[in-house]
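One structure below.
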């Protein structure tokens, strides 16, 4: 599967030239994601009824003392970032989540979707994941 060309080429100009990047990286990432979302909505060549995208960006920079690392993470959709760190014991690694999974059946996410006019079908015991529906008539039936 090849990633859609729009999201892969668009974030760099929005984020690299953002005026708050040096002073407030979190805000720069947040507002860049909003700007990209608005650009996607305005691009009439993209049908948004049944399409979507996911993205995750991690900005790593030295801390103020220069001895540590600060990682700013922004994500949209069902993306995950994990940092793998090497432990003191050879061959021992620790995974550190840098993002939270955005699942439609999580309480806060379900509320956001419903407030925007969408519907969420629950995950099934057979393993089907929860899905988001824009129109109740399109909702999967059990």
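Quick notes on this structure:
- Cβ-Cβ under 6 Å pairs, at least 6 apart or on other chains, the range 55-75 side more than 13 Å from residue 24 (Cα to Cα), far side at pLDDT below 85 and part of a strand (DSSP E or B): 55/76
- Test result for residue 128, more than 25 Å from residue 28 (Cβ to Cβ) and at pLDDT 85 or above: no
The values are calculated or read from the model by the stated rules, or taken from the named source; none is laboratory data. For clarity, every value in this text was computed on a predicted model and none was experimentally measured. Positions of Cβ are backbone-derived with ideal geometry, glycine not excepted, and every protein chain shown enters the neighbour counts.
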